[in-house]
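The values are calculated or read from the model by the stated rules, or taken from the named source; none is laboratory data. Just so we're clear, the structure is a prediction, and the values are computed from it rather than from any experiment. Here the Cβ is made from the backbone with ideal geometry for all residues, glycine too, and neighbour counts use every protein chain on show.
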Amino acid sequence: MASEISLHKAKTNNIYNVVAVPEMELLKSLGIRAGATLRVICHYPLGGPTLVCVEDCATVAVGKDVASLVSLAPETGDTDSVEDVA
Amino acid sequence: MSKPHKHKHRHEINPQDRILLMGNPNVGKSVFFTELTGIHAISSNYVGTTVSYMHGHLPIGDKEYTLIDVPGTYSLSPSSDAEAVAVKFVGDGAKAVICVLDASNLERNLALALELRQCNIPIVYTLNLTDIAERRGIEVNHKLLEQELGAPVIPTVAVKKSGINELLDTLRDMLGEGYEASCKKCQDCSKERSMEQKEIWETAKQISRRVCKKTMSKPGFLDKLGENMTKPFPGIFIAVLVMALLIGVVVGGGRALRALFLLRLFSSDGGIVVEFFRNLFASFVPEGVFLNILTGDFGIFVISFEWILALIFPYVLMFYIGFSFLEDSGYLPRISVLFDNIMRKLGVQGGSLIHTLMGLGCAVPAIIGSRAATTRKERIVISAAICFAIPCISQTGALLSLTAAFSWWMMPAMVLFGLFIFVVVSLISGKLVKGKVDPLIIEVPNLLMPDRKAYGRKLLIRMKHFFKDAEIPMMAAVVLAALLAETGALNVIARYAEPLMSRWLGMPSEAVVALILGIVRREMSVAPLLALDLTTLQAFVGGIVSLLYIPCLSVFAILVKEFKLRIAAVITVSTIVIAIFVGGLVNQIAQLFI
């Protein structure tokens, strides 16, 4: 998908659909999994984490190394084409 | 309500007699545990407060069950040591499960609820934090949720005791119906479960959409404040302000308590209580060594009051007043997110900052709390840094008392020195310990105004722990100090320790008593220095040695329990050697300029 972007580089205050996530149980348990919708609240400077609001509900901070591996697409309402990254 | 009973091993409790209290982290399980058993469990507003388990009696009908407060877990596929404990409990089976759901974040909580449902253990669900959900415009149809889950759902606000009686009634009905606990799917079935995971999440999402109605709600003051506290700007400025405020409360409040009340009562120099005991013993004990042991300058009835009650207690009390408020408000995870970038550069992640701050209270819960970390390497690195450079609040109180008599710069200099050592130890142990440190993934909880009763209860538990847990070792140290000083044994030891104490560290040789007592309790490595006529440099060196010196016996014991003897021994021996080496180095360098 051409418009995919990593969570680490996603724009603040924009809403995205999660396209792919690394195979991390905690990340998925916190709701950041393929198909979920999230809003980027802010990025922290000097290699800090990214703060997101998941499904308009929980606020989760994701470290830079993991945020770089989370692929997002701008929110369209269509969440069919999703996959997990091994 | 039951009385607390001794800690039993997981396998010692018959599965048919136990009821598991389960749920996601930070949904209020420990509050339920306290309300249901009468045993005061520490609860806080952040993930990982309960990393081990507690249990207590829960009478239901004519039978007595054991209620187990299981560490919070997001799923039955554990991602930390603490979560693994929770999964083991489910695997062992139980008579019933009380599954606590967060009404303000239902979808994620339902995923665990659905996983638990597969275990064939009778479940009653509590829909907790309904007040927070309302604040955020979320209304949950609990009757519909009951139908969806096929089990009772009780709306609750546990901190306000709302819904607790309904929960007990429902449990009574449920356990009276002859359910049999039989977990067939949860042991050795992680493969099967992971195949069903997507379906579970999808089902949770669908149920959540059906039962939740969300209305637009304006963010309240606490919501806005919480968001601002989390953003880099103004979050970092607020964090600096909060920390300055905490220090102000501890130092200012502690000193005020000492000056206004405690010194008048417990000072060795004319304190009412101390004078009472001096006069009492003088009336029937003849003058001599025995009377000195009781009420001499280092007498048991003098220093036990002065050191413990006038010197340490006020700072411990003020610290927990401030720190417990921060814990219950949900502020601590915000700090860990704000400073994750700096912590990463030290080789750990921001979440470890919570354990470091806990270490300012006491290293024992801080090291146990590190079980919430996802890797063993991170646990060892942060535990080592706490042992080396983070003084417990009792020790901080003693250091404050020591430095107060000298220059204003001494305490800030000691804080900076401690930070420097923290950085160095984190970097070196990060290189030496094999393994990896996972990046930060943490949920930031809602900012809350702590519930007055829960906050007061927690403060009471902490102060009880301080007196109960510290009493025996502190009294042992006091008796040892009295015996050493008043029998003349100290003079003999001081003679042998002279090369180390006087020539290397530049301290009076009698200061060796601080090194001996410091093995028992950390603050006791400072308290004896107060009775000596020290110069500014000697006080600074003494403070530095104490700061870096051996963790107390309780900390050593917990290091052995958590990481085995080898690592505990390495940390302990390193602290002794480095404390004396660095203290001496500071003295020798300073001597060049004096």
Residue satisfying all of: in the stretch B:226-262; closer than 21 Å to B:VAL316 by Cα and either in a loop (DSSP other than H, G, I, E, B) or among the basic types (Lys, Arg) (or both); farthest from the other protein chains (Cβ to nearest Cβ) among these: B:ARG258
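Within the stretch B:484-515, can you find the residues that are small (Gly, Ala, Ser), touching a helix residue (DSSP H, G or I) at 6+ places or on another chain (Cβ under 6 Å) and not in a helix (DSSP H, G or I)? Break it down stepwise before answering.
As a first pass, look at the stretch B:484-515 and keep what is small (Gly, Ala, Ser): B:485, B:488-489, B:494, B:497, B:502, B:506, B:509, B:511, B:514.
Still in the running and touching a helix residue (DSSP H, G or I) at 6+ places or on another chain (Cβ under 6 Å): B:494, B:497, B:502, B:506, B:509, B:511, B:514.
Result: B:GLY506, single match.
Considering only the stretch B:416-428, I want to know if a residue exists there that is crowded, with 22+ Cβ neighbours inside 10 Å, over 26 Å from B:GLY226 (Cβ atoms) and more than 17 Å from the chain's Cα centre (by Cα).
Within the stretch B:416-428, the first condition is being crowded, with 22+ Cβ neighbours inside 10 Å, and the residues that meet it are B:425-426.
Then keep just the ones that are over 26 Å from B:GLY226 (Cβ atoms); that gives B:425-426.
Add one more test, that the residue is more than 17 Å from the chain's Cα centre (by Cα), and what stays is B:425-426.
Yes, there is a match, as at least one residue in the stretch B:416-428 is crowded, with 22+ Cβ neighbours inside 10 Å, over 26 Å from B:GLY226 (Cβ atoms) and more than 17 Å from the chain's Cα centre (by Cα).
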With the stretch B:21-126 as the region, which helices (runs of 4 or more DSSP H) entirely inside it contain at least 3 residues that are within 12 Å of chain A (Cβ to nearest Cβ) and closer than 19 Å to B:SER208 by Cβ? B:106-117
Taking B:VAL302, is it surrounded by 23 or more Cβ atoms within 10 Å (Cβ to Cβ), hydrophobic (A, V, I, L, M, F, W, C) and within 25 Å of B:VAL240 (Cα to Cα)? no
Taking the stretch B:289-323 and keeping only residues that are modelled with pLDDT under 85, aromatic (Phe, Trp, Tyr) and within 31 Å of the chain's Cα centre (by Cα), one is left with B:TRP307
Every residue from the stretch B:500-532 that is of a type in the set (D, E, K, R) and closer than 17 Å to B:GLU306 by Cα: B:ARG521, B:ARG522, B:GLU523
Based on this model, can you work out whether B:ILE390 counts as surrounded by fewer than 21 Cβ atoms within 10 Å (Cβ to Cβ) and in contact with a Leu (Cβ under 7 Å, 6 or more places away or on another chain)? no
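So which of B:ASN446, B:ASN341 ends up being among the polar types (S, T, N, Q) and outside any helix (DSSP H, G or I)? Please lay out each step first, then the result.
Working: B:ASN341 fails: outside any helix (DSSP H, G or I).
Sole residue among the options that is among the polar types (S, T, N, Q) and outside any helix (DSSP H, G or I): B:ASN446.
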Could you say whether any residue in the stretch B:273-294 is within 14 Å of chain A (Cβ to nearest Cβ) and either closer than 29 Å to B:GLY253 by Cα or in contact (Cβ under 8 Å) with a residue 40 or more places away in the chain (or both)? no
Identify all residues within the stretch B:365-379 that are more than 10 Å from B:VAL437 (Cβ to Cβ), of a type in the set (A, V, I, L, M, F, W, C) and either within 14 Å of chain A (Cβ to nearest Cβ) or surrounded by fewer than 23 Cβ atoms within 10 Å (Cβ to Cβ) (or both); write none if there are none. B:ILE368, B:ALA372
So, of the residues in the stretch B:127-151 that are away from chain A (no Cβ under 14 Å) and under 22 Å from B:SER30 (Cβ atoms), which turns out to be surrounded by the most Cβ atoms within 10 Å (Cβ to Cβ)? B:ASN128
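Might you let me know whether the stretch B:570-593 holds any residue that is at pLDDT below 90 and over 27 Å from B:LEU483 (Cβ atoms)? I'd like the intermediate steps shown before the answer.
Taking the stretch B:570-593 as the starting set, the residues that turn out to be at pLDDT below 90 are B:593.
Pick out the ones that are also over 27 Å from B:LEU483 (Cβ atoms) and you get B:593.
For the stretch B:570-593, residues at pLDDT below 90 and over 27 Å from B:LEU483 (Cβ atoms): present.
Quick one: is B:ILE382 buried (at least 16 other Cβ atoms within 10 Å of the Cβ), under 15 Å from the mean Cα position of the chain (by Cα), of a type in the set (Val, Ile, Thr) and at pLDDT 90 or above?
Working: buried (at least 16 other Cβ atoms within 10 Å of the Cβ): yes; under 15 Å from the mean Cα position of the chain (by Cα): yes; of a type in the set (Val, Ile, Thr): yes; at pLDDT 90 or above: yes.
Answer is yes for this residue.
Does any residue of the stretch B:348-358 turn out to be in a helix (DSSP H, G or I), within 14 Å of chain A (Cβ to nearest Cβ) and surrounded by fewer than 24 Cβ atoms within 10 Å (Cβ to Cβ)?
So the first thing to find is which residues in the stretch B:348-358 are in a helix (DSSP H, G or I), and the list is B:352-358.
Remaining after also requiring within 14 Å of chain A (Cβ to nearest Cβ): B:352-354.
When the remaining residues are screened for being surrounded by fewer than 24 Cβ atoms within 10 Å (Cβ to Cβ), the result is B:353.
Checking the stretch B:348-358: at least one residue is in a helix (DSSP H, G or I), within 14 Å of chain A (Cβ to nearest Cβ) and surrounded by fewer than 24 Cβ atoms within 10 Å (Cβ to Cβ).
Just give me the residues in the stretch B:263-293 being among the hydroxyl-bearing types (Ser, Thr, Tyr) and either assigned to a helix (DSSP H, G or I) or touching a Pro at 6+ places or on another chain (Cβ under 7 Å) (or both), in sequence order.
Here is the first cut: in the stretch B:263-293, the ones among the hydroxyl-bearing types (Ser, Thr, Tyr) are B:267-268, B:283.
Result: B:SER283, single match.
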